[in-house]
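Asks: Take a look at the following structure, please.
No value in this document is a laboratory result; all are computed from the given coordinates. Just so it is clear, the structure is predicted and the values come from calculations on it, not from any experiment. All Cβ positions, even for glycine, are placed from backbone atoms using ideal geometry, and neighbour counts span all protein chains on display.
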Amino acid sequence: MSDFFGQGGYAGYVLPAYAISAFALALLVVWTLGAYRKAKARLKNIGAP
Amino acid sequence: MSFLFEFANPKRFMELSGALLPWLATAAALALIAGLVLGFGTPPDYQQGDTVRIMFVHVPAAWIAMMAYGLMALASIVGLVNRHPLADLAAACAAPLGAVFTALGLVTGSLWGKPMWGAWWVWDGRLTSFLLLLFLYLGYIALRGAFDDETRAARAAAILAIVGAVNLPIIEFSVQWWTTLHQGESILRKGGPAIAPVFLWPLLFMALGYTFLFFTLWMLRMRTAILDRRARTLMLRGAQ
């Protein structure tokens, strides 16, 4: 575990690279799914077949 | 090409993408998990130490950033030439995704550059042309939003996307044309990949994961846009 958080002394670069990537991609998924659900709900409200 | 137009019928697209989406999303999740497990399981590189792991998030992000632009430019050509509404929609939906992947390529590259080159940023061919890619995406998004008339917005943005595609080979060959700290092509090169298999596998899985994730999100965004358009048409009809 200390290996993981140590990253051979490069933890300050390796871990943020992963954290930022994970955060941005997760946000992209949430945003995209949210818009999709909203569009579906809106269409349903209008009473589309 | 004809099968593409078959797929490009909005109704057909909704059916096919609806069937494909769960599989694509699952494949993305599995590939990303495999890539992460393998990536953190590799030994440190003999030169780069543990920073080599940054490669597994940096290279796939940069690849997708360029692939997304290529797809956006292609869709823009089809939209412009064939006046196919779904093609224009495909281009518009790829732009924000491409911008995020480009930003990720820049940020993770910076985090890799500092410990290995001693600099967060250098104004060389690769980094500068890649920064230009981000501006092209942002310009495309801004241009689309600048017109009230959707057809005019689509046409103007399509022209920008197509002209901007000249940047793709510049990014690709920048490491050969100009002196740079950035390493050259090390995967798809003559004589096979220049990196050890122990690093190649996690990279390939992460690249697959990023690719599947991009297509999942792209399809979802296109479906959203189609549903929105359908809702707008129905509202207009109701208002009459």
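Asks: Let me know the volume per residue of the alpha-carbon convex hull for the protein assembly as shown, in Å³.
Replies: Working: hull volume 43.8 nm³, N = 289.
Convex hull of Cα atoms, per residue: 152 Å³.
Asks: When the helix-only estimate is applied to chain B (DSSP H runs of n ≥ 4, each -39,500 (n - 2.57), divided by the residue count), what is the mean residue ellipticity at 222 nm, nearest 500 deg cm²/dmol?
Replies: -27500 deg cm²/dmol
Asks: Which order results if A:5, B:56, A:23 are arranged by neighbouring Cβ count within 10 Å, fewest first?
Replies: By the 10 Å Cβ count, ascending: A:5, A:23, B:56.
Asks: For chain A, just the Cα set please: Rg and Dmax, both in angstrom.
Replies: Gyration radius and largest Cα-Cα distance of chain A: 19.5, 60 Å.
Asks: Considering every pair of different Cα atoms, what Kirkwood radius, in Å, is found for the stretch B:17-120?
Replies: 15.9 Å is the Kirkwood radius here.
Asks: Binned at 5 Å from 0, what are the whole-percent values of the Cα-Cα distance distribution for the stretch B:152-240, short to long?
Replies: Final binned percentages: 2, 10, 9, 12, 16, 14, 11, 8, 6, 4, 3, 3, 1, 0.
Asks: Can you put B:14, B:55 in order, fewest other beta carbons within 10 Å first?
Replies: Lowest to highest Cβ neighbour count: B:14, B:55.
Asks: Using θ = phi - 60° and the Karplus form 6.51 cos²θ - 1.76 cosθ + 1.60, what ³J(HN,Hα) does each residue of the stretch B:173-189 get, whole Hz, x for Gly and Pro?
Replies: 9, 4, 6, 8, 6, 10, 5, 7, 7, 5, 6, x, 4, 10, 10, 8, 10
Asks: On a 0 to 90 degree scale, rounded to 10, what angle separates helix B:125-145 from the longest Cα axis of chain B?
Replies: Compared with the principal axis, the helix lies near 20 degrees.
Asks: Once phi is turned into ³J(HN,Hα) by the Karplus curve 6.51 cos²θ - 1.76 cosθ + 1.60 with θ = phi - 60°, what whole-Hz value does each residue of the stretch B:54-62 show in order, with x for glycine and proline?
Replies: Along the stretch B:54-62, the couplings run 5, 3, 5, 10, 7, 5, x, 4, 5 Hz.
Asks: Let me ask something additional. With a 10 Å Cβ neighbour count serving as the proxy for reagent exposure, in which order, fewest first, do B:186, A:21, B:76, B:129 appear?
Replies: Exposure proxy ranking, most exposed first: B:186, B:129, A:21, B:76.
Asks: Return one number: the angle in degrees, 0 to 90 and rounded to the nearest 10, between the long axis of the Cα atoms of helix B:197-239 and the longest principal axis of the Cα atoms of chain B.
Replies: Rounded to the nearest ten degrees, it is 20.
Asks: Before anything else, pin down the relative contact order of the stretch B:139-240: Cα pairs under 8 Å, at least 6 apart, normalised by residue count, whole percent.
Replies: Computed value for the stretch B:139-240: 10 percent relative contact order.
Asks: Ordered by residue, what ³J(HN,Hα) values in Hz, to whole numbers, does the stretch B:151-164 give under the Karplus form 6.51 cos²θ - 1.76 cosθ + 1.60, where θ = phi - 60° and Gly and Pro are x?
Replies: 5, 5, 4, 4, 5, 4, 5, 4, 5, 4, 4, 5, 4, x
Asks: Apply the a/c threshold of 1.5 to the C-alpha gyration tensor of the stretch B:195-240 and tell me whether it is rounded, prolate or oblate.
Replies: Since a/c reaches 1.5 and a/b is larger than b/c, the shape of the stretch B:195-240 is classed as prolate.
Asks: Counting C-alpha atoms alone, how compact is the stretch B:54-239: give Rg to one decimal and Dmax as a whole number, in angstrom.
Replies: That works out to 18.5, 65 Å for Rg and Dmax.
Asks: Calculate how steeply helix A:11-46 sits against the longest principal axis of the alpha-carbon atoms of chain A, using the helix alpha-carbon long axis, and give the answer as 0 to 90 degrees to the nearest 10.
Replies: Around 10 degrees separate the two axes.
Asks: As a test of the formula, what do you get for chain A when each DSSP H run with n ≥ 4 contributes -39,500 (n - 2.57) and the sum is divided by the residue count, at 222 nm and rounded to the nearest 500 deg cm²/dmol?
Replies: Calculated at 222 nm, the ellipticity per residue is -29000 deg cm²/dmol.
Asks: List the relative contact order of the stretch B:54-239 as a percent without decimals, with contacts defined as Cα pairs under 8 Å and 6+ residues apart.
Replies: On the way: 193 pairs, mean separation 51.8, N = 186.
After rounding, I find 28 percent.
Asks: Please compute the average number of Cβ atoms from other chains found within 10 Å of each residue's Cβ in peptide B:213-223. The partial results should precede the final answer.
Replies: Values: counts 3, 2, 0, 2, 7, 1, 2, 5, 5, 0, 5.
The shielding value for this peptide is 3.
Asks: Let me ask something else. For the pair residue A:4/residue B:152, report the inter-label distance in nm, with labels modelled 7 Å from Cα in the Cβ direction.
Replies: 5.6
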